[in-house]
1. Which of the residues that make up segment A:197-222 are part of a loop (DSSP other than H, G, I, E, B) and either surrounded by fewer than 12 Cβ atoms within 10 Å (Cβ to Cβ) or out of contact with any helix residue (DSSP H, G or I) (no Cβ under 9 Å at 6 or more places or on another chain) (or both)?
2. Before we move on, is residue A:143 surrounded by 15 or more Cβ atoms within 10 Å (Cβ to Cβ) and more than 19 Å from residue A:241 (Cα to Cα)?
3. Scan segment B:170-181 and give yes if some residue there is more than 13 Å from the chain's Cα centre (by Cα), within 10 Å of chain A (Cβ to nearest Cβ) and more than 25 Å from residue B:9 (Cα to Cα), otherwise no.
4. Pick from segment A:86-104 the residues that are assigned to a loop (DSSP other than H, G, I, E, B) and crowded, with 16+ Cβ neighbours inside 10 Å: which of them is nearest to the other protein chains (Cβ to nearest Cβ)?
5. Mind listing whichever residues of segment B:233-246 are touching a residue at least 12 places away in the same chain (Cβ under 8 Å) and either in a helix (DSSP H, G or I) or at the interface with chain A (Cβ under 9 Å from one of its Cβ atoms) (or both)?
6. If you check A:230, A:249, which single one turns out to be more than 7 Å from every other protein chain (Cβ to nearest Cβ), part of a helix (DSSP H, G or I) and buried (at least 17 other Cβ atoms within 10 Å of the Cβ)?
7. Of the residues that make up segment B:252-259, is at least one assigned to a strand (DSSP E or B) and either more than 10 Å from chain A (Cβ to nearest Cβ) or within 30 Å of residue B:127 (Cα to Cα) (or both)?
8. Scanning for something touching a helix residue (DSSP H, G or I) at 6+ places or on another chain (Cβ under 8 Å), touching a residue at least 60 places away in the same chain (Cβ under 8 Å) and in a strand (DSSP E or B), does segment A:180-194 turn up at least one residue?
């Protein structure tokens, strides 16, 4: 019972980038309520591919959002990173024990991680000193989030028990399969697949040209050590990620470039 | 002469996040024209702190932008990353030899790198296989970009001569000083200073609450190995950065977490 009470005292902040009315966040919140007190602070509308954007030039506004006639959370006119900042710095009285972002409808693997609002919310949690998880189901098609949400609940407890390093979060990608069809969990690294972007060039009714981004992920990752390969092979992928972007090996190379010559 | 002709054949794509009409990009373009053919594709308005956002839900529109009565470049209703993607995938006939993003008015050091539109444009160049440089002058006050632009021109030539690794770009921060007051160039790593965000809570004329993000960088970086410390001590900081966010050390730890237990 002590254990149960202890778990129940967990304070969990939930965010996403699909918007506060998305099914993925709803199913996630139902699961996380089993292990703690959940506060939802999420964008009022879809914010996919916003990267780690924050809002500085405009004020943020926030509304209480109701679902099925009950208070569900705070809807913010802002980005996922805005939501987490606002929650931690202005809404919550105490720093939460955990930030969970998701469950995103669509993969956040390989290069997509750097465009991902889902990951950025969890990154912001990490920056603010809170263990954080980003979770996605790897399909854009119709999806049942229940297995993924259960998995994330169990992973959240594991994270609370084990802890995470100061500047590291977990990026979890779950295939849209039944529990019995999942082949296992793999600890992975960020894949190297990039988007083969193309722009669809069109003309509006006034004959003005516009461009629409399209294209898919080039599947460059074959080895199961990569997140994108793992999910394609029906594994749950968990990548520890961090936000020190320094290329340490290249520092030594650059030191031999005689860069002081460039000043004069 | 051959050398000069060779340099002149450089094709350089210039972007920024302060907007195509910002002084920093204008001064940069004047310098880069001395070494190559410059194409400017930049946001039509300020896009600071947009992170690595891209526009997928809306089409992109583009206009020719004139400065002093002459064609200066293409102004895109989009983010810095959008601009680079659109330039490389739809506007330019050939892939450019170099992407230069900036010159930003304000630092892009430490944690700010992950929020930075300036860096994201250069990152997008790198993703697309083009050696890329992000450049910033480290003040929000009044600034003369000329020394910084000259430095970036010389650095650009050095980058073309030496090359960069496939997934690495250079993030350059230049103090707002005269050439003679610059103490040197340091090769640095991303600092660990974060923002001590606070939200200014206000009420609008209709008595509705709104929040405005404010606060400054906590100066946690003392050692000159960090970008933020270097620029504060009047050095030009050059950090090689990359976008594989994997925390490799943590992968080994996670493999001992028995994560397969969490499926059932």
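1. Scanning segment A:197-222 gives A:204, A:205, A:206, A:207, A:208, A:216, A:218.
2. The answer is yes for residue A:143.
3. Within segment B:170-181, one or more residues are more than 13 Å from the chain's Cα centre (by Cα), within 10 Å of chain A (Cβ to nearest Cβ) and more than 25 Å from residue B:9 (Cα to Cα).
4. A:96
5. Of everything in segment B:233-246, those that are touching a residue at least 12 places away in the same chain (Cβ under 8 Å) and either in a helix (DSSP H, G or I) or at the interface with chain A (Cβ under 9 Å from one of its Cβ atoms) (or both) turn out to be B:236, B:238, B:239, B:240, B:241, B:242, B:243, B:244.
6. Checking each option against the conditions leaves just A:230.
7. No: zero hits.
8. Looking for residues that are touching a helix residue (DSSP H, G or I) at 6+ places or on another chain (Cβ under 8 Å), touching a residue at least 60 places away in the same chain (Cβ under 8 Å) and in a strand (DSSP E or B), one finds none in segment A:180-194, hence no.
The values are calculated or read from the model by the stated rules, or taken from the named source; none is laboratory data. This one's a predicted model, so the numbers in the text were calculated from it and none came from an experiment. Backbone-built Cβ (ideal geometry, glycine too); neighbour counts: all protein chains shown.
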